[in-house]
1. Sort out which residues of region 11-39 are surrounded by fewer than 16 Cβ atoms within 10 Å (Cβ to Cβ) and within 20 Å of the chain's Cα centre (by Cα), and write them in order of number.
2. Please indicate, with yes or no, whether at least one residue in region 2-17 is farther than 29 Å from residue 135 by Cβ and part of a strand (DSSP E or B).
């Protein structure tokens, strides 16, 4: 049976409300990695564009360009399916917050079969440029958490 638009919205509001959500206090930025250099212990992710690698790490106080606010979602093992979450949240960010975000999906360390059923074993880092866009970004996330019956931060 196909899920109605309102059932889809309700399900994903419950997903975000039940997720373990972490709002990072520090800003992050993309820092180049030299060939053969190990990533920093506090890097959230490393990505390659061709042969050029970057790591996503806490931004030093003197770095004013390219800073991001970061939020981590770890989905509940007892919650509803998180399938469609990325597109759903992007849509709300665009409509409600007039902003976008980057998403870095990773493997959840809990790695249970139930979690695989709920979210294919993923956890998501979301990041938005600091300033007014990041304030709207955090506001949209908190609004959706409250709609789902959770407590905003």
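1. The first filter runs over region 11-39 and keeps only residues surrounded by fewer than 16 Cβ atoms within 10 Å (Cβ to Cβ), leaving 20, 22-26, 32, 34-38.
Scanning region 11-39 gives 20, 22, 23, 24, 25, 26.
2. Checked against the condition, which is being farther than 29 Å from residue 135 by Cβ and part of a strand (DSSP E or B), region 2-17 yields no hits at all.
To keep it simple, each residue is scored yes or no on (1) touching a helix residue (DSSP H, G or I) at 6+ places or on another chain (Cβ under 6 Å); (2) modelled with pLDDT of 95 or more; (3) surrounded by 13 or more Cβ atoms within 10 Å (Cβ to Cβ); (4) not assigned by TED's automatic domain parsing to the domain that holds residue 4.
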| position | (1), (2), (3), (4) |
| --- | --- |
| 74 | no, yes, yes, no |
| 82 | yes, yes, yes, no |
| 93 | yes, yes, yes, no |
| 104 | no, yes, yes, no |
| 109 | no, no, no, no |
| 128 | yes, yes, yes, no |
| 142 | no, yes, yes, no |
| 145 | yes, yes, yes, no |
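The values are calculated or read from the model by the stated rules, or taken from the named source; none is laboratory data. All values reported here derive from a predicted model rather than from experimental measurement. Don't worry about glycine lacking a Cβ; one is built from the backbone with ideal geometry, like all the others, and counts go over all protein chains shown.
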